[in-house]
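Here's the structure we're looking at; comments come further down.
Values quoted throughout were computed directly from the atomic coordinates according to the rules given, and no laboratory measurement underlies them. Because the structure is predicted, anything quoted here is derived from the model rather than measured. Neighbour counts are summed over all protein chains in view; Cβ atoms, including those assigned to glycine, are modelled from backbone coordinates with ideal geometry.
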2 protein chains.
Amino acid sequence: MVDKYTEKTISQKTIYDGAVIRVNVETVELPNGKQAMRELVHHRGAVGILAITPANKIVLVSQYRKALDKTILEIPAGKLEEGEKPLESAYRELQEETGYTTSTMQQITKFYTSPGFADELIYLFKAGDLKKGKANLDEDEFVDTVELSLFEVAELTRKGAINDAKTLIAIYYWQTEVLKGRL
Amino acid sequence: MVDKYTEKTISQKTIYDGAVIRVNVETVELPNGKQAMRELVHHRGAVGILAITPANKIVLVSQYRKALDKTILEIPAGKLEEGEKPLESAYRELQEETGYTTSTMQQITKFYTSPGFADELIYLFKAGDLKKGKANLDEDEFVDTVELSLFEVAELTRKGAINDAKTLIAIYYWQTEVLKGRL
């Protein structure tokens, strides 16, 4: 896209620099010359994996999220480690969270989760040829895996029971690929 | 979902309380009794609209995003105003950003954009029977609208040129509905 309307940073202040996020408040100059404030969250990025088992089921993890104070169903996912490439991260997270390993990990797309205030970019991968091993969770990570057919997960989606953006993208991608194959 | 593993807040500190986000740092007790830190962003939520014109095109907006320092294509969207219901917000944002009004606005689903650190919830609507009027942008809002066919937008998606989570969900939803109708 052409950057027709940009915002020039006039001043910038780092409010918080933590383990997961850095928060900046910036004063910017708008295209009309006026000034505005921007509250911006920097995140180092993450991966998510659409993992399909030999029985043609999607592997999901059920995980408590403190930000929501509830447990939701998501595709296996995790933050990039420092210096880690997205592809390496995808292999690692899939194995750690679900125990599955794979020889076929392909990037589907990448997307910003909340471009209005955050720069978090998620790389979405598809993993096939899954081999079951033992999950290797961080000692402070508590997740359970669930395997669902396309019909089951499409039903959950239709009922509004899947409420995570990356997971909806993965499910719709899978459904679209299957539907196209049937045309 | 059952909350099998919860995290109890031991202490909480508000680092920043701005116009768009509030940032809290919490010390929590994990299911194994150990403690951990959580960096959490509170956001009041937003709406996004899958708007389909009488010519069967999706209405997108191209918008510069300071968090990314670039311009991306997104569905019309915006933050909930204080006390505003998601449905009202969807009518308002569609009209303000694109000039389109509609009598049929239906919620498709809702999803968290970044549950690992933020509670932002986006309500996704579908709008049909669009009537063209004049856009009514905030004086500090600079967006251009683009209208694309399903074929065009599916091609952009396939090429990785759509990089916004809510927009991918809307496009895949639309594509899935159309594909199902053809089976």
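Table for the structure above
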read-out	value
Shielding score for A:64-76, defined as the mean number of other chain Cβ atoms within 10 Å	6
Residue with peak Gaussian network fluctuation, chain A [Cα springs, cutoff 10 Å], from A:Val47, A:Val59, A:Val146	A:Val146
Theoretical FRET efficiency, 1/(1+(r/R0)^6), r = Cβ-Cβ of A:Ile10 and A:Lys131, R0 41 Å, to 0.05	0.15
Dimensionless Rg over Rh [chain B; C-alpha; Kirkwood]	1.04
Set A:Lys110/B:Lys166; B:Lys57/B:Lys166; B:Lys132/B:Lys180; A:Lys66/B:Lys34 screened for pairs whose C-alpha atoms are more than 20 Å apart	B:Lys132/B:Lys180
When region A:87-153 is reduced to its Cα atoms, the Kirkwood hydrodynamic radius in Å	13.7
Per-selection Kirkwood Rh - region B:1-87 (Cα, Å, 1 d.p.)	16.7
Sum of -39500 (n - 2.57) over DSSP H runs of 4+, divided by residues of chain A (222 nm, nearest 500)	-7000 deg cm²/dmol
Percentage of interatomic Cα-Cα distances in the protein assembly as shown larger than 31 Å	34
Ranked list, fewest to most other Cβ atoms within 10 Å of each Cβ, for B:Met105, B:Met37	B:Met37, B:Met105
Inter-copy separations for B:Lys70, label at 7 Å along Cα-Cβ, nm, ascending	3.4
Local net charge near B:Ser103, Cβ-Cβ under 15 Å (Lys/Arg +1, Asp/Glu -1)	+2
Region B:118-158 and region B:48-86: distance between their alpha carbon centers, rounded to Å	4
